[in-house]
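J.: Input: one structure, supplied below.
The values are calculated or read from the model by the stated rules, or taken from the named source; none is laboratory data. This structure is a prediction, so every number in the text was calculated from the model and none was measured. Every residue, glycine as well, gets a Cβ built from its backbone with ideal geometry; the counts of neighbours run over all protein chains shown.
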Amino acid sequence: MTTLSPLPHPAHIPARSLLCRTGITLALLASTALLPAPSHAETHLVRMLNRNSTGSMVYEPDFLKIKPGDRVKFLASSNGHDAVSIAGMAPAGAKPFKGRINEEIEVHFEHPGLYGVKCLPHYAMGMVMLIQVGEADPRQLQIPAEVPERARKRFTGIVERTSAQHARSADNGVHLP
């Protein structure tokens, strides 16, 4: 068994050794100051609801613009909902996800592009949302033919609303994130 001996009291260490150790410590601290600052990914919250001011069977918000590396946490705010990626509505290389009913799920979005999300039990009722990762243009959204009519209508409304908001902000010289 190895035992560690206690460190000597600084008064018993030669001054030259202390200066050397201090210099090394300062050099290490200075070198970490030159490292790039870590990027801070955000976690965005989305509530899965039976109803809000926009209608029934909704995600709130139904549109998010986030940065690559951010996360979205889907909150089980009402019973009977989940969050599932829609096949054909995600960028190449994006990993599909499927939450469980009545449970929260946190999803990491790495690839820039547009992501369609559905509540599986309420998909035909139009419970969908759109997530824009990076600078993808929502007006370029491709809605697969098999998307139910109410979901298609809600996606179209989301794109029209976000496009109008961006047009108004551009007219006023404001840049929306």
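J.: Sort out which residues of the range 99-133 are assigned to a loop (DSSP other than H, G, I, E, B), crowded, with 20+ Cβ neighbours inside 10 Å and either of a type in the set (Ser, Thr, Tyr) or in contact (Cβ under 8 Å) with a residue 40 or more places away in the chain (or both), and write them in order of number.
T.: Passing the criteria: Phe109, Cys119, Gly126, Met127.
J.: Oh, and also: If the Cβ limit is 6 Å and pairs must be 6+ apart or interchain, which residue in the range 134-145 that is surrounded by 12 or more Cβ atoms within 10 Å (Cβ to Cβ) pairs with which residue that is assigned to a helix (DSSP H, G or I) and modelled with pLDDT of 95 or more?
T.: Listed pairs, sorted by first residue: Pro138/Val159; Leu141/Val159; Ile143/Arg152; Ile143/Phe155.
J.: Restricting to the range 64-85, name every residue that is on the phi < 0 side of the Ramachandran plot and assigned to a loop (DSSP other than H, G, I, E, B).
T.: Lys67, Pro68, Asp70, Ala76, Ser77, Ser78, Asn79, His81, Asp82, Ala83
J.: Which of (1) surrounded by 20 or more Cβ atoms within 10 Å (Cβ to Cβ); (2) under 27 Å from Gly69 (Cβ atoms); (3) touching a residue at least 60 places away in the same chain (Cβ under 8 Å) is the odd one out, the single condition Arg161 does not satisfy?
T.: Result: Arg161 fails condition (1) only.
J.: For Gly88, work out the one condition from (1) more than 27 Å from Ala164 (Cβ to Cβ); (2) part of a loop (DSSP other than H, G, I, E, B) it doesn't fulfil.
T.: For Gly88, the failing item is (1).
J.: Any idea which of Gly88, Gly80 is farther than 17 Å from Met125 by Cβ, of a type in the set (Gly, Ala, Ser) and surrounded by fewer than 15 Cβ atoms within 10 Å (Cβ to Cβ)?
T.: None of the other options fit; the residue is Gly88.
J.: Next question. Collect the residues in the range 50-65 that are surrounded by fewer than 20 Cβ atoms within 10 Å (Cβ to Cβ) and either within 21 Å of Val159 (Cβ to Cβ) or aliphatic (A, V, I, L, M) (or both), keeping them in residue-number order.
T.: Across the range 50-65, the qualifying residues are Asn52, Ser53, Thr54, Gly55, Ser56, Glu60, Pro61, Phe63, Leu64, Lys65.
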